[in-house]
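Encoded as structure tokens, here's the structure I'll be asking about.
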Amino acid sequence: MSKKVLFIANHRLGRSPGQRFRFEQYLDFLKQNGYEWTLSNIISEEDDNMLYQKGNYFKKAKLARKAWKRRMNDVNRADEYDIVFIFREALLTGSSKFEKAFAKSKAKVIFDFDDAIWLPNVSQGNKSLQKLKKPQKTNDILKHVDMVFAGNEYLADYAKKYVTNVKVIPTTIDTEYHKNDISASKDRICIGWTGTQTTMKYLYLVEDALRKLKSEYGDKLCIKIISDTPWEVKDLEIINVAWQRSDEIDQLQEIDIGLMPLLDDEWSKGKCGFKALQYMAMQAVPVVSPVGVNKEIVHDTINGFWADNSEDWYRKLSLLIEDQALRLKMGEKARQSVKETYSVEANKGLYLKYFNELLN
């Protein structure tokens, strides 16, 4: 007899990178192994167009009412499920009402998170609504769940303050989807970055190095940004590409060297290294700030480089631009690292094991 799982998340299938690489890519595998699943999301494609923009307060209030109604329905049907799986939060506001309600149902509750979500972090478009958020609700949620999936050891250590049953599940890559045709010839080297407006703020850490490199290498070098928002810097030529699911692999394939700058702060320590993993799966060489899990994913001088300051970024990037053999060697090792440790194939058995363990 099939077991039933209700996934609680903000976005529809295929929309959110967090959802895609934390649980969506395991859905078929779960179904093959006796788990029927249902996704309950609160943000539609139409809602997307206004949610992360400034203003639109009437529409945002309407979305809040819709979300509340949707979650009430989820609570009312929770007893029909064996597991309720909550990704990050049930509501975008500061309420933990529904997580507590799910905990009182017959279903077991898994809570999955991939950032230091107990810390304040609001998008630019919703700064004025920050008072409605309550990041400390994470602590309250953790006290009421049966199992936690944490994206790295730093997040797991935090969760263990409130719940004993904590599993580390890294953010993973489907290496059959993320793969590069390295035989394609190129006439210039591409340094790239992919992400959203919320993490674009870290690019200022590499701005001076990129400006200096572009000045030296000219047309031999291109700088590519794949995002929902363009990165515009004075006196720096940048190729901005709007992210879209339909061509994300084609766009990533053009990147030879991938950037992941971060500040050394508590929020960054909670990051799960997803940018680096994407580059590595595509056999692009990652150059990263040695913060948090980045130091576990990227082995300095082996499958990528660490960079601590502007001069370090310039020196490491210059070396990779100049040395094609080094780029190819590191790129091969980078992809192998992902396949062995951070791929869906390497982790799906563990993922299923924890689901089974919770119900036995």
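The values are calculated or read from the model by the stated rules, or taken from the named source; none is laboratory data. Quick caveat, the model's predicted, so the values are computed rather than measured. For neighbour counting, all protein chains shown are included, and Cβ atoms are generated from backbone atoms with ideal geometry for every residue, glycine included.
What are the residues in region 62-100 that are of a type in the set (D, E, K, R) and outside any helix (DSSP H, G or I), if any? Please lay out each step first, then the result.
Keep residues of region 62-100 that are of a type in the set (D, E, K, R), which gives 62, 65-66, 69-71, 74, 77, 79-80, 82, 88-89, 97, 99-100.
Selection gives D82, R88, E89.
A further question follows. Can you tell me which residues in region 1-44 are charged (D, E, K, R), closer than 23 Å to Q278 by Cα and surrounded by 15 or more Cβ atoms within 10 Å (Cβ to Cβ)?
As a first pass, look at region 1-44 and keep what is charged (D, E, K, R): 3-4, 12, 15, 20, 22, 24, 28, 31, 36.
Filter once more, so that each one left must be closer than 23 Å to Q278 by Cα: 12, 15, 20, 22, 24, 28.
Hits for region 1-44 are R12, R15, R20, R22, E24.
Let me ask something additional. Return yes or no: is R88 on the phi > 0 side of the Ramachandran plot, crowded, with 18+ Cβ neighbours inside 10 Å and in the same structural domain as V168 (by TED's automatic domain parsing)? I'd like the intermediate steps shown before the answer.
Working: on the phi > 0 side of the Ramachandran plot: yes; crowded, with 18+ Cβ neighbours inside 10 Å: yes; in the same structural domain as V168 (by TED's automatic domain parsing): yes.
So R88 fits the description; yes.
State whether one or more residues within region 26-43 are over 26 Å from L358 (Cα atoms), in contact (Cβ under 8 Å) with a residue 12 or more places away in the chain and either part of a helix (DSSP H, G or I) or touching a strand residue (DSSP E or B) at 6+ places or on another chain (Cβ under 9 Å) (or both).
yes
Could you please let me know if A242 is surrounded by fewer than 16 Cβ atoms within 10 Å (Cβ to Cβ) and either aliphatic (A, V, I, L, M) or under 16 Å from the mean Cα position of the chain (by Cα) (or both)? Working first, answer last.
Values: surrounded by fewer than 16 Cβ atoms within 10 Å (Cβ to Cβ): yes; either aliphatic (A, V, I, L, M) or under 16 Å from the mean Cα position of the chain (by Cα) (or both): yes.
Here the answer is yes, as A242 does meet what is asked.
Only one of A150, A156 is surrounded by fewer than 18 Cβ atoms within 10 Å (Cβ to Cβ), outside the structural domain of L252 (by TED's automatic domain parsing) and farther than 20 Å from I257 by Cα; which? Can you show your working first?
Values: A150 fails: surrounded by fewer than 18 Cβ atoms within 10 Å (Cβ to Cβ).
Just one listed residue meets the conditions, A156.
Checking the condition in contact (Cβ under 8 Å) with a residue 12 or more places away in the chain, under 16 Å from Q197 (Cα atoms) and not assigned by TED's automatic domain parsing to the domain that holds L155, which residue from L277, L259, L236, L252 passes?
Values: L277 fails: under 16 Å from Q197 (Cα atoms); L236 fails: under 16 Å from Q197 (Cα atoms); L252 fails: under 16 Å from Q197 (Cα atoms).
Among L277, L259, L236, L252, only L259 is in contact (Cβ under 8 Å) with a residue 12 or more places away in the chain, under 16 Å from Q197 (Cα atoms) and not assigned by TED's automatic domain parsing to the domain that holds L155.
Can I ask one more? Of the residues that sit in region 321-360 and are aliphatic (A, V, I, L, M) and crowded, with 16+ Cβ neighbours inside 10 Å, which one is farthest from G218 (Cα to Cα)?
Keep residues of region 321-360 that are aliphatic (A, V, I, L, M), which gives 321, 325-326, 328, 330, 334, 338, 344, 346, 350, 352, 358-359.
Imposing the further condition that a residue be crowded, with 16+ Cβ neighbours inside 10 Å reduces the set to 321, 330, 334, 338, 344, 346, 352, 358.
Working: I321: 12, M330: 24, A334: 27, V338: 32, V344: 39, A346: 41, L352: 50, L358: 56 Å.
Per the criteria, the residue is L358.
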